[in-house]
Amino acid sequence: MSQISFSEAKDLVLARLRQWLQELPEAERGRPRKIIDFKPYSVLDLIREVEMDTEVGKKYTYDEAKRMGYAIV
Amino acid sequence: MTTVLFFRPNKDFAMQYASYWLGEGIPEAQRRGYRVIDMIEDACTFDRLKAVLEEEKVDVCIMGGHGNPTVFTGFEQQIVFKACQGDEVMAGTISHFLSCSVGQELLPDMVSKGAISTIGYQVDFQFMVNESFSIEQDPYAEPFKDITVTIIKKLLDGATLKQVWEAGVAKCNEWIQKLWNKTGTDWAEVIACLEHDRDGMIALGNKESYVLPPKIMRLTIPQIAGLAFIFFLVVSHKSPQV
């Protein structure tokens with residue numbers, strides 16, 4: 001597993017989220033897509049959470065980095 | 001009679017999915033001859049749950065609700081079990097919790113207070129939705145419903161805790177494999193959620209425990225024909241001769 005900093009992981013995750021956003025029709029971008037902790041998040045919400053370093057955003061960054069084969073150091 | 005209790009608060013967006021998935025277990029329970037207690041919406045409070053569990057012998061509890069490591073909530077997110085208080089009412093039951101993170105502290109505490117066994121999640125439960133579809137037909141939510149219903153059916157069939165957990169994990173893997181070649185980030189996220197939930201699924205308590213399913217007499221067609229013939233003979237024998 002490669003090691004990256006949190007800030008690098010955040011950039012990767014945001015790039016992936018923006019790519020996801022582009023795949024969606026405009027009407028879908030603000031609509032709930034992913035349920036985390038039984039709370040609904042649209043892709044735009046997720047971008048906001050990651051950008052603002054909220055608890056959900058940080059957790060999402062850690063999970064996504066792990067899934068992409070990176071360990072945050 | 002073997003009794004199964006469903007606890008399904010469904011007032012918010014995400015919980016409506018959970019409530020529907022758990023509800024799919026009700027006909028499965030009825031088909032197997034269980035007596036069903038279905039607690040929904042405002043019935044999903046600690047007081048009501050406690051009253052039911054004290055009044056009746058409930059063998060299986062299928063629980064949905066918001067959660068964190070130390071709290072499980074019901075209707076309008078009112079606290080049902082908090083910081084490991086109140087969970088003693090679950091003593092003697094086998095349960096499934098569709099709730100986030102309760103597997104970290106609450107479920108182990110519940111088992112230490114006499115719950116026979118339980119299966120739940122030690123992570124935040126994640127799933128995907130597509131609002132263009134109804135809850136019942138949402139293709140992104142379908143794998144998560146299937147996993148939940150698989151766990152419920154396996155419990156009701158009298159499988160051991162270990163077998164139930166294995167069936168839940170196997171169903172996650174089956175869906176991951178099925179969706180692997182789908183393109184698009186939506187499906188990649190569905191797979192990510194499945195992996196996340198699978199890795200966070202936890203079974204606690206006696207791993208050989210199981211619920212004894214009710215016995216239902218099922219007759220084959222020749223048996224029914226035979227019984228009808230005997231009935232006919234008896235009735236015709238009793239008929240007054242003219």
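The values are calculated or read from the model by the stated rules, or taken from the named source; none is laboratory data. It should be emphasised that the depicted structure is a prediction, and the values quoted were computed from it without experimental measurement. With ideal geometry, Cβ positions are generated from the backbone for all residues, glycine too; neighbour counts draw on all protein chains shown.
Cβ-Cβ distance below 7 Å, separation of 6 or more or different chains: which pairs start in segment A:1-22 with a residue that is farther than 11 Å from A:E64 by Cβ and end on one that is in a loop (DSSP other than H, G, I, E, B) and of a type in the set (K, R)?
Partner pairs satisfying both residue conditions: A:L21/A:R29.
Name the one entry in B:F46, B:F6 that is farther than 28 Å from B:N130 by Cβ and at pLDDT 95 or above.
B:F46
Starting from residues that are exposed (fewer than 13 other Cβ atoms within 10 Å of the Cβ) and over 12 Å from B:P143 (Cβ atoms), keep the ones in segment B:181-191 and report whichever is nearest to the other protein chains (Cβ to nearest Cβ).
B:G184
Given the structure, is B:K215 under 22 Å from B:M63 (Cβ atoms), part of a loop (DSSP other than H, G, I, E, B) and modelled with pLDDT under 95? So that I can check it myself, show each step before the final result.
On the way: under 22 Å from B:M63 (Cβ atoms): no; part of a loop (DSSP other than H, G, I, E, B): yes; modelled with pLDDT under 95: yes.
No: the conditions fail for B:K215.
Please enumerate the residues belonging to segment A:1-52 that are among the small types (G, A, S) and either closer than 30 Å to B:K11 by Cβ or in contact with a helix residue (DSSP H, G or I) (Cβ under 6 Å, 6 or more places away or on another chain) (or both). So that I can check it myself, show each step before the final result.
Initially, segment A:1-52 is screened for residues among the small types (G, A, S), giving A:2, A:5, A:7, A:9, A:15, A:27, A:30, A:42.
Hits for segment A:1-52 are A:A9, A:A27, A:G30, A:S42.
So how many residues does segment B:117-164 have that are of a type in the set (D, E, K, R), farther than 21 Å from B:A29 by Cα and outside any loop (DSSP other than H, G, I, E, B)?
Number satisfying all stated conditions: 0.
So which helices (runs of 4 or more DSSP H) are wholly in chain A and hold at least 3 residues that are within 20 Å of B:D186 (Cβ to Cβ), at the interface with another protein chain (Cβ under 9 Å from one of its Cβ atoms) and out of contact with any Gly (no Cβ under 6 Å at 6 or more places or on another chain)?
Output list reads A:6-23, A:55-67.
Which of the residues belonging to segment B:45-104 are within 14 Å of chain A (Cβ to nearest Cβ), in a strand (DSSP E or B), buried (at least 24 other Cβ atoms within 10 Å of the Cβ) and not small (G, A, S)?
Of everything in segment B:45-104, those that are within 14 Å of chain A (Cβ to nearest Cβ), in a strand (DSSP E or B), buried (at least 24 other Cβ atoms within 10 Å of the Cβ) and not small (G, A, S) turn out to be B:M63, B:F72, B:F97, B:L98.
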